[in-house]
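The values are calculated or read from the model by the stated rules, or taken from the named source; none is laboratory data. Note that the structure is a prediction, hence the values are computed from the model and not measured. No Cβ is skipped: glycine too gets one built from the backbone with ideal geometry, and neighbour counts run over all protein chains shown.
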């Protein structure tokens, strides 16, 4: 049973039938799925959700499309972990990590793809495609393989090896485009007009984007049906950021939680910061940028939802911050060393920006905060080259190990002795 | 300056199904005015009431987003290709 009713323009509110369409024919604004919330409220309860599967499909009543068409790799319902060590390191009382690195292809993109591919199959598509900074391509390739669909994924030519292999293993048609993600995106928009494929983040994007709301649903459920004081979320297109906030509000709309008062704050890399820069300049009109950052997964210079992300920042009294490449690596290491979670560069960005926000007093120590870690670190090991403590290299002899181990325990003395 | 303008599918009802039309103007603003004169209704689809380009109308000149240039004041050269593209998706 699905409670989706139409596609509605986010700009001019004109309504369109549910179809593979993503922009308003009149004003070119983006389309969003509209639901019958009264019907959802009558169908759903905390108990019905709790009785559902330990995947995002436990929220099927709140998702577009008929779940009969789902291609289930088990996306979603990832751990919300109390992060006391990191909280202490940053100076916060209560911090949680929403650990979305443990999805089937190790990023939150499995959520959006799960919803998009179900809808694509419902529409009768036999080919699935995407424009990706890497993680999305991995997820589309995996879900496409499982569904037995023709799969075509487009990525920038110079991505991290882990992201390339992470798509190639599923044997899609992997297209490496000479250019940035924004060039890939424009190419795919053109290709989508001539090929009969469901591009998850182009012609079926309204459905795809709805999958990100499940991160908001889960956090609220996992906190005992309430929302935190503050969320810190990485921003690329800005879609995830706005959809988490939408998810909180929809849970309230259907009567499952109190009205959310969460402050939504966003993280970007300094080398690709159109949204954070516009926030600093106090404008809702961002200027596109040409990305130059190690945080490739969030390197979108022309963010489709940049305007709405800025509106959400304004509406919720949130803040945006940016982190340099060096700070991003430090953020990855800090999260790993304090909490045992190995995030990719986007996660390092989120932690580095969270640190900035606390240091600047933008997040008060008493604000219960959730940091969203959206992708796994084994995909972006290049960023850490030379940045980690070198291993002890020893011959297979006990005395040699003891000597090396003790030297490592007293590095200052060793350095002094060697000088 | 004579330029070629690539018209996206939703606006082709105004151009009699033409995908490529020619226009003349020193700036992008001139081209919009001329499109309005040749294909009435075009301005409303491209611009807000205050005359600025609509937020989700993307215009490229020879592949470059006009927001990297000077928006509607972007200067055009003979033979430039102006592309009008609906809302950027992706991400």
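If you go through the range A:217-245 and keep only what is under 19 Å from residue B:90 (Cα atoms) and part of a helix (DSSP H, G or I), you end up with A:239, A:240, A:241, A:242, A:243, A:244.
Is it fair to say residue A:240 is closer than 27 Å to residue A:9 by Cα, more than 11 Å from chain B (Cβ to nearest Cβ) and either touching a residue at least 12 places away in the same chain (Cβ under 8 Å) or in contact with a strand residue (DSSP E or B) (Cβ under 9 Å, 6 or more places away or on another chain) (or both)? The answer is no for residue A:240.
Residue check: is residue A:171 touching a residue at least 12 places away in the same chain (Cβ under 8 Å) and within 14 Å of chain B (Cβ to nearest Cβ)? Against the criterion (touching a residue at least 12 places away in the same chain (Cβ under 8 Å) and within 14 Å of chain B (Cβ to nearest Cβ)), residue A:171 does not qualify. Count of the range B:15-35 residues, restricted to those that are touching a helix residue (DSSP H, G or I) at 6+ places or on another chain (Cβ under 7 Å) and under 19 Å from residue B:56 (Cα atoms), is 4. If you filter the range A:160-172 down to residues that are touching a helix residue (DSSP H, G or I) at 6+ places or on another chain (Cβ under 6 Å) and not in a helix (DSSP H, G or I), you find that the one that is farthest from residue A:187 (Cα to Cα) is A:170.
Restricting attention to the range A:21-41, the residues that are within 14 Å of chain B (Cβ to nearest Cβ) and within 26 Å of the chain's Cα centre (by Cα) add up to 9. Kindly establish whether residue B:30 is under 19 Å from residue A:24 (Cα atoms) and away from chain A (no Cβ under 14 Å). In short, no.
In summary, residue B:51 fulfils each of the numbered conditions (1) within 13 Å of another protein chain (Cβ to nearest Cβ); (2) out of contact with any strand residue (DSSP E or B) (no Cβ under 8 Å at 6 or more places or on another chain); (3) at positive phi with the single exception of condition (1). Scanning the range A:34-65 for residues that are touching a residue at least 40 places away in the same chain (Cβ under 8 Å), closer than 20 Å to residue A:8 by Cβ and assigned to a loop (DSSP other than H, G, I, E, B) yields A:63, A:64, A:65. Taking the range A:127-157 as the range and being without any contact (Cβ under 8 Å) to a residue 40 or more places away in the chain and not in a helix (DSSP H, G or I) as the test, the residues that pass are A:148, A:149, A:151, A:153, A:154, A:155, A:157. Here residue B:20 clears all of (1) surrounded by 13 or more Cβ atoms within 10 Å (Cβ to Cβ); (2) touching a strand residue (DSSP E or B) at 6+ places or on another chain (Cβ under 8 Å) except the condition numbered (1). Can you name the number of the only condition in (1) away from chain B (no Cβ under 14 Å); (2) without any contact (Cβ under 8 Å) to a residue 24 or more places away in the chain; (3) assigned to a helix (DSSP H, G or I) that residue A:248 fails? Of everything listed in (1) away from chain B (no Cβ under 14 Å); (2) without any contact (Cβ under 8 Å) to a residue 24 or more places away in the chain; (3) assigned to a helix (DSSP H, G or I), residue A:248 misses just condition (2). Among the residues making up the range A:4-20, a single one is facing chain B (nearest Cβ under 10 Å), part of a loop (DSSP other than H, G, I, E, B) and in contact with a strand residue (DSSP E or B) (Cβ under 7 Å, 6 or more places away or on another chain): A:10.
Looking at the structure I just gave you, is residue A:241 within 18 Å of the chain's Cα centre (by Cα), at pLDDT 95 or above and crowded, with 21+ Cβ neighbours inside 10 Å? Answer is yes for this residue. Within the set A:129, A:137, A:120, the sole residue that is surrounded by 24 or more Cβ atoms within 10 Å (Cβ to Cβ), within 14 Å of another protein chain (Cβ to nearest Cβ), in contact with a helix residue (DSSP H, G or I) (Cβ under 9 Å, 6 or more places away or on another chain) and within 21 Å of residue B:86 (Cβ to Cβ) turns out to be A:129.
When only residues in the range B:59-91 that are in contact with a helix residue (DSSP H, G or I) (Cβ under 9 Å, 6 or more places away or on another chain), at pLDDT 90 or above and within 10 Å of chain A (Cβ to nearest Cβ) count, which is nearest to residue A:236 (Cα to Cα)? Result: B:60.
Taken together, the residues in the range A:190-221 that are at the interface with another protein chain (Cβ under 10 Å from one of its Cβ atoms), more than 19 Å from the chain's Cα centre (by Cα) and either over 30 Å from residue A:247 (Cα atoms) or surrounded by 24 or more Cβ atoms within 10 Å (Cβ to Cβ) (or both) amount to 3.
Among the residues of the range A:260-314, which ones are assigned to a helix (DSSP H, G or I), within 14 Å of another protein chain (Cβ to nearest Cβ) and out of contact with any strand residue (DSSP E or B) (no Cβ under 7 Å at 6 or more places or on another chain)? Of everything in the range A:260-314, those that are assigned to a helix (DSSP H, G or I), within 14 Å of another protein chain (Cβ to nearest Cβ) and out of contact with any strand residue (DSSP E or B) (no Cβ under 7 Å at 6 or more places or on another chain) turn out to be A:274, A:277, A:278, A:296, A:306, A:307, A:308, A:310, A:311.
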